[in-house]
Amino acid sequence: MSTHFFMDFDRVGLASNESGVILSLPSRFGGAGDGGDAHRVFWRRAPKKNGARLLHRVCDRQTVCVRKLGDNRAERVKFLRFVLNERVTAAKIAASQRARVAKAAAGRHVLAIQDTSEINYESQRERKRDLGTVGNGSDIGLFVHPMLAVDAETKHCLGLLDVQVWRRFKRKSKNYRKQPIEEKESYRWVKGPQRAKAALAKAAMVTVIDDREGDIYEKWARLPDRRTHLLTRACRDRAVVGGGTLFATMAGFADKHRFKLDLPARRGKRQARQACLTVRYGRVGICRPKPCSDPKAPVEIELFAIEVIERKPPAGEEPVHWRLLTTHKVETIATALMVIGWYRQRWHIEQLFRTLKSHGLGIEESVVEDGAALEKLAVIALISATMTMQLVLARAASNHDQPADHVFDERQIKVLDALQAQLQGRTSKQKNPYPPRSLAWAAWTIARLGGWSGYESERSTGPITMRDGLERFNAIAQGYFLEANVCSC
């Protein structure tokens, strides 16, 4: 399996006068609709083609275990040398993705969804070096903060827009609240969107979406402009203009609408159910808090607030309660429901983390020892996990014009086509309903290989199903290619 992404290491910072050859990759690494731009430079020197091969293998085999990625000892050594190479950094690998996503985003309204997750290596403490602590302050590991780009209208996944990765070696200082935000870990919630704004200059609109941890006054003050909006779940019960607090003000809004929403089950958190939700919204002005580290921030910022509350949840279930803040003007029920729909797309980044960890690539089981190498491996794994999310979202999109060659190369598409007769049933309900050679058509095929029955009533076509399907597809494709090579001899 290949990806719709590429790593252009000419952009990653190798000197242009280095000797060596250019390794071109097929269009499957070049991204959406590259046409004449179908071959990209992955690395400037021939030995560094190992990076392209490593990414290819992670996508193909749905694992980051180096022993499984290399076909022999020589390959495993080459892969390890790549992630240990000091001239390759996690930040540069992540930066190499933006140009491709920016091209795909031109003219679209992009939802730039960001969140943070820890990668915990405590179970391998004795075999790791140069790792910091994670959330509980004692376990070792690192943090990743990706930003996923999704088309607001079609719900197509456009790619991995940004990744920040770091290791925490220091505890918070006593004067942490007084430090400039640029010196805090929380600056990631501002830094990522700033880079996204620059990369998505040709997008029609950008809406940055994050959960409660992203409710930062400096972010509200610095990021919004004519084509850049914010949508965040409120964390702090802020003081509001005119007196009072944010949560009390939102509770005082009149109920405007009720609707029903099917909530999927979350293991250990809630059962699947249909929730009856009440919506209310209005305009609010939030005041600059005393701990704000930016003296240039305005003393007040006008936003729109939406409160979504579940009425009469089942016994023992925690009710849905979302307090959303946005720079979008919310003056009608239709707009409020649209913004709520955008916020619900945030779930995709949670699915991305599932795909990255135990339910997918198993990044926390990697036996690589070095902390800096694990950072690079985490970014490569996120690129692969994003490809899986493209497949998950392809069938759910409002249209199915996204071509399969955004993820698969031509040889793989031929294998997908050959599998249709085997995977389709006799009835119309078991036929692949999507346009041939579309990404949705390919996703249907991969889901079937992953154990899905083919009936739309069975919704188990998430990242785990796709991972299983990709593993099986890779084995089938390798056999197909091997047979083709033998026959051509």
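The values are calculated or read from the model by the stated rules, or taken from the named source; none is laboratory data. Everything numeric in this text was worked out from a predicted model, so none of it was measured. Note: ideal-geometry Cβ built from the backbone for every residue, glycine included; neighbour counts use all protein chains shown. The protein model used for the area step is the full one, side chains on, heavy atoms only, and it has no ligands, DNA or RNA in it. Shrake-Rupley method; radii C 1.70, N 1.55, O 1.52, S 1.80 Å.
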Along the Cα→Cβ direction, 7 angstrom out, place labels at TYR455 and LYS312. What is the inter-label distance in nm? 3.1
What distance in nm separates the two pseudo spin-label positions at ILE476 and GLN430, each 7 Å out from Cα along the beta-carbon direction? 1.5
For a distance above 14 Å, tell me the whole-number percent of Cα pairs in region 242-300 that qualify. 71
Can you pull out the trypsin sites (Lys or Arg not before Pro) in region 192-246 whose DSSP state is coil and whose Cβ has at most 11 other Cβ atoms within 10 Å? LYS202, ARG226
In degrees between 0 and 90, to the nearest 10, how far off the longest principal axis of the chain does helix 347-356 point, with axes built from Cα atoms? 40
Could you look at the chain and say what percent of its accessible area is carbon and sulfur, using a 1.4 Å probe and all protein chains? 49
Suppose a student asked you for the relative contact order of the chain, using Cα pairs under 8 Å spaced at least 6 residues apart; what percent would you report? 16
Kirkwood-Stokes translational diffusion coefficient of region 269-428, alpha-carbon pairs, 20 °C, 1.002 mPa s, µm²/s: 103
Report the per residue volume, in Å³, of the convex hull enclosing the C-alpha atoms of region 99-156. 116
Net charge (Lys, Arg +1; Asp, Glu -1) of residues whose beta-carbon lies under 11 Å from that of GLY282, GLY282 excluded, is +1
How many angstrom lie between the Cα centre of region 82-112 and the Cα centre of region 328-345? 29
Net length gained if the chain between LYS256 and LYS68 were fully extended (0.36 nm per residue, minus Cα distance): 62.1 nm
Can you give the Kirkwood hydrodynamic radius of region 112-217 from its Cα pairs, in Å with one decimal? 15.6
Within the chain: Cβ-based charge dipole about Cα centre, in debye rounded to nearest 20 (Lys, Arg +1; Asp, Glu -1): 600
Just the accessible area per residue of the chain, please: how many Å² with a 1.4 Å probe? 45
Stokes-Einstein D (µm²/s) once Rh is taken as the Kirkwood radius of region 348-489 over alpha-carbon pairs, at 20 °C in 1.002 mPa s: 133
For region 421-487, just list the percent of Cα-Cα distances falling in each 10 Å bin from zero outward, please. 21, 48, 25, 6, 0
Long-range tail of P(r) for region 190-264 (Cα pairs > 19 Å, %): 53
Please report, for the Cα atoms of the chain, the Rg to one decimal and the Dmax as a whole number; what are they, in angstrom? 23.4, 81
Taking a ≥ b ≥ c as the square roots of the eigenvalues of the Cα gyration tensor, with a/c under 1.5 meaning rounded and otherwise prolate when a/b exceeds b/c and oblate if not, region 171-215 is prolate
q = 0.13 Å⁻¹, region 151-291: log10 I(q)/I(0) [Debye, one scatterer per Cα]: -0.86
